[in-house]
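**Student:** The structure's right below; bear with me while I get my questions together.
Throughout, read-outs are computed from the coordinates displayed, never taken from laboratory work. Just so it is clear, the structure is predicted and the values come from calculations on it, not from any experiment. Note: ideal-geometry Cβ built from the backbone for every residue, glycine included; neighbour counts use all protein chains shown.
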Amino acid sequence: MMASSNGLNLSHATYSGSSASDFYASAGLGIDYFVVDGVSVGLDADARYRDYKSYGVTTFTETKWTQFSGGIRFGVNARLGESISWYPRLTLMLTSSHSTVTPLSTSNGEAPGPAVSESSVGPAMNLYAPLLLHPASHFVVGFGPRIYYDFAITRGGPYDGSQSTLLSADFTVGGWWGGEASDRKEADGAHPSEELKHEKSAELFGGPGQIVLTSATDASITHRTYSNSKGSETYLTIEPGIDYFVTDHASIGGSLVIAHSGGTGLDYSGTSTEFASTSFGLDLGAGYNLRLSTIASIWLRGKVGFGSVDSSVSSASGSNQHTRTRGWVDVSAPILVHPATHFFFGAGPFLLHDLSNRDQYNYENKATRLGLSLVLGGWFGGPRDLATLAPLGT
């Protein structure tokens with residue numbers, strides 16, 4: 001069994017210097033079961049809702065958006081060596097999406113226009129073919145191409161009559177458990193020796209020398225097009241992040257974020273709009289893993305970061321451009337479940353608060369985001385890193 005493409009996020013953001021806000025809720029389940037050696041079937045389901053208020057070129061709008069999708073996926077894991085494999089998966093699904101944009105006010109004194117809605121319902125296809133690296137038993141990381149095609153036709157709104165195609169290359173973090181080999185072999189006899197107890201302790205998450213990667217690590221490039229429009233969008237994200245346990249329980253970590261997006265699209269009224277955004281960020285912090293049992297723990301983490309964002313939106317009506325520098329603090333406390341050695345998943349609360357956020361006009365607009373999120377990842381290294389118990393796909 002393999003778990004990947006899972007997600008859970010519930011968050012609300014407010015801003016100190018504007019009326020903008022963002023409420024977001026999502027839940028995703030992606031899980032695969034190997035029915036025979038190298039061949040898997042799986043389930044992929046996703047539900048999302050977002051209600052956000054934002055500023056465009058001349059209009060302040062509220063957007064409400066819902067999306068549901070679900071289907072089955074089929075995969076073949078081809079082993080290319082002891083620690084590498086290729087795992088293409090095809091998902092066939094049904095999707096439903098609906099959004100409504102309501103203009104609330106304008107900056108040019110004109111009366112806000114009427115609300116605009118669009119929706120689509122129909123089949124979709126998602127083909128993802130990552131090359132997987134197995135750095136430790138039960139833990140995988142990978143990168144590979146993806147093609148997503150939505151057969152559903154959008155009705156209403158500026159993209160009326162369109163179908164969308166997404167081409168991308170994405171990084172993935174996942175893990176597996178089950179199979180012929182026992183995930184957590186018990187000692188022979190009712191009373192294991194002290195030496196064996198020490199060895200078992202070294203296998204637990206949070207030991208000294210362990211290197212941890214989670215689903216917060218990301219690398220992707222995405223290009224989306226629409227069949228009935230000249231609009232297109234391109235997104236690039238490079239977000240390496242790592243944590244290292246310097247002693248038993250105590251970790252240090254950091255991440256670097258470089259992101260760029262840009263494209264040409266249609267706003268709610270059908271006006272051609274160009275947008276671009278480039279951001280940079282770096283954060284450093286520390287953590288403490290509190291073991292509740294051999295299969296559960298709480299990983300308390302806190303980070304302090306600094307970065308900048310340069311964004312612009314423009315149309316025939318004008319432009320809205322900001323260059324912002326910001327500093328922030330990020331704290332989280334997920335409860336983790338460790339179903340197999342080197343792999344974990346869990347969820348918990350987080351708080352992301354801007355200590356400062358100023359634009360080129362020295363205007364302060366600090367964001368505060370509070371929520372609940374899923375964390376999924378694995379670890380390798382440490383004093384007693386286990387050899388692979390059994391390869392993925394058995």
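**Student:** Would you compute, from DSSP H runs of 4+ residues alone, the mean residue ellipticity of the chain at 222 nm, taking -39500 (n - 2.57) per run and dividing by the full residue count, rounded to the nearest 500?
**Tutor:** Calculated from helices alone, the mean residue ellipticity at 222 nm is -500 deg cm²/dmol.
**Student:** For the pair T63/T264, report the inter-label distance in nm, with labels modelled 7 Å from Cα in the Cβ direction.
**Tutor:** For the pair T63/T264, the computed spacing is 1.9 nm.
**Student:** Let me ask you something else. Taking the alpha-carbon centroid of each part, what is the distance from segment 248-288 to segment 36-82 in angstrom?
**Tutor:** Measuring centre to centre over Cα atoms gives 19 Å.
**Student:** Under the Karplus relation 6.51 cos²θ - 1.76 cosθ + 1.60, θ = phi - 60°, what is the ordered set of whole-Hz ³J(HN,Hα) values for segment 33-42, x standing for Gly and Pro?
**Tutor:** Couplings: 10, 7, 7, 9, 4, x, 10, 10, 10, x Hz.
**Student:** List, in order, the whole-Hz ³J(HN,Hα) value for each residue of segment 305-310 obtained from phi through the Karplus relation with A = 6.51, B = -1.76, C = 1.60 and θ = phi - 60°; use x for Gly and Pro.
**Tutor:** Once rounded to whole Hz, the list reads x, 9, x, 9, 9, 10.
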